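The values are calculated or read from the model by the stated rules, or taken from the named source; none is laboratory data. Values in this document were obtained by computation on a predicted structure and should not be read as measured data. Counting neighbours? That spans all protein chains shown, and the Cβs are built from the backbone with ideal geometry, glycine included. Heavy atoms of the whole protein, side chains included, go into the accessibility calculation; ligands, DNA and RNA do not. Shrake-Rupley method; radii C 1.70, N 1.55, O 1.52, S 1.80 Å.
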Amino acid sequence: MRNRKSIVFLLITFGWSWINWFIGLYFLSTEANDETINQFVKYFFAGVYGPFIGALITTMHFGGFKDFLELLKKLFIWKIPLYNFLAAIVLPLLFLASGIGLYALFIGSPGVFENKSLAIPALLLNSVYIGPLGEELGWRGFLLPELQRDNSAIKSALIVGFIHFSWHIPLFWAPFGALVSGQPLSIFLVFTYLVLVTCWSGVQTWLVNNSNGSVLIAILFHLFINAGIGLLFFPELYTDAYRSKTVYYLSSVVTIPFTLYLGFKTKFKSKKE
């Protein structure tokens, strides 16, 4: 039954998201103008909520209203260790800062530094709806605990990471939505994106397992990854999609070894295990 639940969840999630995204891409295939881009944006945002919808429908079908409410409660689990909140915020900032530093060392100047602190709240507010809120109830609220019933935390993190990566595939040909969107595809870029998503999945698995199953902590980490706050202080990087994505790719130089260290040290499990 547990396998059936996961399969049903994935069918609903991928079905909802991919149908919406392919419709959006169809509009762009005719002509890229303000009208077709606006149409794509509508279907893009609808598709982002595939994991959220899939988790709710699957849980309601197999577990009824009681399990449905228990799933939603994971969004509001906030009584967790303070250092987990700090880790969810600081780690994405450090990952991106390392990318900016490597960019400055090996590629070129990131541009003039500008204090954009006042813009951070608006950036976070806008970013939370683009992916974290629509995805994490599904990936870390439903799928991760289902997989961990029969698999180790490391194996579950790897599976969720690969599924999360695969879910983005239609957006590879979109102007935005994935790290490889809006630029010529290459095996190297796609593979690096897969590795980064898998690393982030490992860190999020560790955070969730040590936060009483909190989806809120997963949303927070995802939010700070997506927001790219460090780039905000370098407008020349922030406004150039190619250069900003290069920074994310460079951040893998630090993200990968950190995730491997975390995996070997904790196996992404709860400290109580």
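Quick look at the numbers
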| read-out | value |
| --- | --- |
| Shape box of segment 5-44 [Cα atoms, principal axes, largest first, Å] | 41, 14, 6 |
| Segment 1-120: C-alpha gyration tensor shape, a/c 1.5 cut-off, then a/b vs b/c | oblate |
| Structure-based [θ]222 nm, the chain - -39500 (n - 2.57) summed over DSSP H runs of at least 4, per residue, nearest 500 | -23500 deg cm²/dmol |
| Surface share of carbon and sulfur [accessible, 1.4 angstrom probe, percent] for segment 194-270 | 70 percent |
| Segment 119-205: chymotrypsin sites (Phe, Trp or Tyr not before Pro) in DSSP coil with no more than 14 other Cβ atoms inside 10 Å | Tyr129, Phe176 |
| Relative contact order for the chain, counting Cα pairs under 8 Å that sit 6 or more residues apart, in percent | 27 percent |
| Relative contact order [Cα under 8 Å, 6+ residues apart], segment 1-117, whole percent | 23 percent |
| Mean shadow area of segment 169-238 over all directions, Cα convex hull, nm² | 5.7 nm² |
| Estimated dipole of segment 153-273 in Debye, rounded to 20 [Cβ of Lys and Arg +1, of Asp and Glu -1, Cα centre] | 500 debye |
| Diffusion coefficient, µm² s⁻¹, Stokes-Einstein with Kirkwood Rh over alpha-carbon pairs of segment 42-195 at 4 °C and 1.567 mPa s | 71 µm²/s |
| Whole-angstrom gap from segment 231-270 to segment 195-225, using each part's C-alpha centre | 14 Å |
| Rel. contact order, % - alpha carbon contacts under 8 angstrom, at least six apart, segment 132-222 | 37 percent |
| Protein accessible area in segment 120-171, 1.4 Å probe - carbon and sulfur % | 70 percent |
| Links that overshoot a 19 Å alpha carbon limit, given the list Lys66/Lys271; Lys79/Lys271; Lys79/Lys265; Lys73/Lys155 | Lys66/Lys271; Lys79/Lys265; Lys73/Lys155 |
| Percent of Cα-Cα distances greater than 27 Å, calculated over the chain | 39 percent |
| Å² per residue, accessible surface of the chain at 1.4 Å | 49 Å² |
